[in-house]
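The values are calculated or read from the model by the stated rules, or taken from the named source; none is laboratory data. Small disclaimer: the values here were computed from a predicted structure and weren't measured. With ideal geometry, Cβ positions are generated from the backbone for all residues, glycine too; neighbour counts draw on all protein chains shown. Protein only, heavy atoms only, side chains kept; ligands, DNA and RNA dropped before computing areas. Shrake-Rupley method; radii C 1.70, N 1.55, O 1.52, S 1.80 Å.
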Amino acid sequence: QVQLVGSGGGLVQPGGSLRLSCAASESIFSINAMGWYRQAPGKQREEVAAFTSGGGTNYADSVKGRFTISRDNAKNTIYLQMDSVKPEDTAVYSCFLSTGRHVYWGQGTQVTVSS
């Protein structure tokens, strides 16, 4: 059972930056399918950014050029750097990890973009 702990959410002004972290309880060295989803009130959950099983990265069109996903295998942690944030980025952000047999989720962290 892999545990994921997300952190780094909070209140940020439009145009500002925020970095989310997701720490795994086990090594992520061999895990390629990891990333972030978000869900805003009244909206469907959407994938924001992810490392793919093929070794690449995917970004939602709405965040391309503004968000960057990265990882530190030594710390078993992935990050989501959020720059030039907009009010429509307000949502609960959750990290996930897929082993191919199971998908694990972090508890979610609230990001609110408001002046």
Worksheet item: Can you tell me the accessible area per residue over the chain, all protein chains present, probe 1.4 angstrom, in square angstrom?
Response: 54
Discussion item. If each residue of separation counts as 0.36 nm, what is the full-extension length gain between V2 and S70 once their alpha-carbon separation is subtracted?
Written reply: 22.5 nm
Discussion item. Below 8 Å between Cα atoms, with a sequence gap of 6+, how large is the relative contact order for the chain in percent?
Written reply: 37
Worksheet entry | lysines whose Cα lies under 30 Å from that of K43, excluding same-chain neighbours fewer than 8 positions away | K64, K86
Worksheet item: Rounded if a/c is under 1.5, else prolate if a/b beats b/c, else oblate: with a ≥ b ≥ c from the C-alpha gyration tensor eigenvalues square-rooted, which is the range 66-108?
Response: oblate
Worksheet item: Between exposed trypsin sites (Lys or Arg not before Pro) in the chain, where DSSP calls loop and at most 16 other Cβ atoms lie within 10 Å, what's the longest gap?
Response: 1-42
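Under the classification rounded if a/c is under 1.5, otherwise prolate if a/b is larger than b/c and oblate if not, where does the chain fall, given a ≥ b ≥ c as square roots of the Cα gyration tensor eigenvalues?
Prolate, since a/c reaches 1.5 and a/b exceeds b/c.
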Worksheet item: According to the square roots a ≥ b ≥ c of the eigenvalues of the Cα gyration tensor, what is the shape class of the range 25-67, taking rounded for a/c under 1.5, prolate for a/b larger than b/c otherwise, and oblate for the remainder?
Response: oblate
Worksheet item: So which residue, out of P87, P14, P41, gets the largest mean-square fluctuation from a GNM of the chain using Cα contacts under 10 Å as springs?
Response: P41
